[in-house]
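The values are calculated or read from the model by the stated rules, or taken from the named source; none is laboratory data. Computed from a predicted model, the values in this text were never measured in an experiment. Here the Cβ is made from the backbone with ideal geometry for all residues, glycine too, and neighbour counts use every protein chain on show. Surface areas here come from the heavy atoms of the whole protein model, side chains and all, with no ligands, DNA or RNA. Shrake-Rupley method; radii C 1.70, N 1.55, O 1.52, S 1.80 Å.
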Amino acid sequence: MAIPHPTVSAGQRVTTSGSMLYEGGVDYFRSQFCQPLLHADFVPTTDVPFRVTAKLGIVDDHRSLRLFCTPGILRRRSRSGVPAHCLVIATGNSCALLIKDQTVRLKPGAAVVIDGSCDFDLVLEKDSGRSCLLDWLHITQDAEALFPGLDALAVINSEAITTYIRFHNELMTTDQGAELTSIPEVPSFNHLVEIIRAYLLGMAPSRPHDRDRLLYEQIKMHIAENLGSRILSSESIARHFEISPRKLYGLFERMGASLRETIITMRLEAAHREIELGTKKVTTILLDYGFSNASTFYRLYKKHFGGPPRSGRGEEAAGMRPKTPPTDDR
């Protein structure tokens with residue numbers, strides 16, 4: 001599927017699963033980045049020379065953008081012909097969001113979900129002499145379908161979710177020109193939406209099934225935050241959420257899932273994403289994600305992904321190959 005906007009770096013082709021890095025002046029930034037990709041204009045608010053570093057990752061119709069720039073106003077106005085979408089924005093600085101005749105103050109580390117059909121101004125403010133940091137996700141699905149009951153916007157005051165959004169963007173916005181061929185295989189956008197939906201659901205009155213779903217999503221987020229822990233287990237999870245292991249297993253069964261398989265799959269997919277980046281050895285990565293036995297890791301990896309680990313360059317990833325037959329999972 002072709003990208004329905006110009007490239008943002010002269011002479012560089014952007015694929016539907018790729019990334020790029022942009023640095024330059026404000027006029028080019030407006031015309032070749034803000035307008036086609038953010039559907040917004042940018043107005044600097046200081047006299048200091050304009051500087052920006054913008055990293056972009058594209059997966060199908062979804063976009064992840066990370067901006068470091070001088071203070072200014074991102075002024076977004078709805079456009080005809082743009083597919084229904086929603087925005088998830090995480091801020092690294094204090095911001096003011098002007099939307100529907102109201103002003104919403106966003107503290108550093110806050111996040112917000114915005115219906116993509118709404119006009120708004122996002123005022124990026126400078127904190128402690130730093131450039132402004134902004135993580136911006138454009139999800140091409142109807143906001144009401146993704147987040148039922150969303151009225152223009154919803155603020156997320158959760159450091160854990162903001163951290164997850166930033167981690168997501170770090171994976172999606174890799175080095176200039178990198179191909180993100182593995183990303184479509186990992187439902188990372190969907191997983192992020194599930195976490196945000198669970199958070200918003202927790203802010204509203206819930207039915208028993210909704211409470212189960214919320215707890216289930218909270219447990220999955222806890223697992224995601226502790227994938228490298230050697231003590232991650234049913235006992236440690238049950239203790240963290242103050243429930244019995246029996247109730248924990250029962251919850252996952254009601255959700256049509258297996259706790260053990262969930263942990264293994266999340267560890268494999270996290271390891272897979274790092275292997276694709278090609279910055280670490282496989283032996284280091286498998287230990288980082290709680291696999292103490294290399295043979296077991298390679299066997300599970302091959303079963304899950306259909307082949308041995310390979311770097312993002314298509315080469316077999318460097319690292320120790322298993323020399324002993326696979327052992328039982330631990």
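Details
- Condition met for I183 (buried (at least 21 other Cβ atoms within 10 Å of the Cβ) and either farther than 26 Å from L268 by Cβ or modelled with pLDDT of 80 or more (or both)): no
- Among residues of the stretch 20-41, those that are of a type in the set (A, V, I, L, M) and either exposed (fewer than 15 other Cβ atoms within 10 Å of the Cβ) or at pLDDT 80 or above (or both), counted: 4
- Residue satisfying all of: in the stretch 288-319; at pLDDT 85 or above and of a type in the set (S, T, N, Q); most open to solvent (accessible area, probe 1.4 Å) among these: S292
- Of all the residues in the stretch 74-89, those that are open to solvent by 20 Å² or more (accessible area, probe 1.4 Å) and closer than 20 Å to A154 by Cα number 4.
- Any hit, the stretch 53-65, residues being modelled with pLDDT of 85 or more, outside any strand (DSSP E or B) and surrounded by 14 or more Cβ atoms within 10 Å (Cβ to Cβ): no
- Test for P322: is it modelled with pLDDT under 90, out of contact with any Pro (no Cβ under 6 Å at 6 or more places or on another chain) and open to solvent by 30 Å² or more (accessible area, probe 1.4 Å): yes
- Among residues of the stretch 113-137 that are among the basic types (K, R), those with a Cβ under 7 angstrom from a residue that is in a strand (DSSP E or B) and modelled with pLDDT under 90, sequence gap 6+ or separate chain, pair up as K126/C132.
- Residue tally, condition part of a loop (DSSP other than H, G, I, E, B) and touching a His at 6+ places or on another chain (Cβ under 7 Å), over the stretch 225-248: 0
- Only one entry of E274, E217 meets the criterion of being open to solvent by 30 Å² or more (accessible area, probe 1.4 Å) and modelled with pLDDT under 90, and that entry is E274.
- Selection within the stretch 91-134: residues that are among the hydrophobic types (A, V, I, L, M, F, W, C) and part of a loop (DSSP other than H, G, I, E, B). The member of this set that is farthest from the chain's Cα centre (by Cα) is C118.
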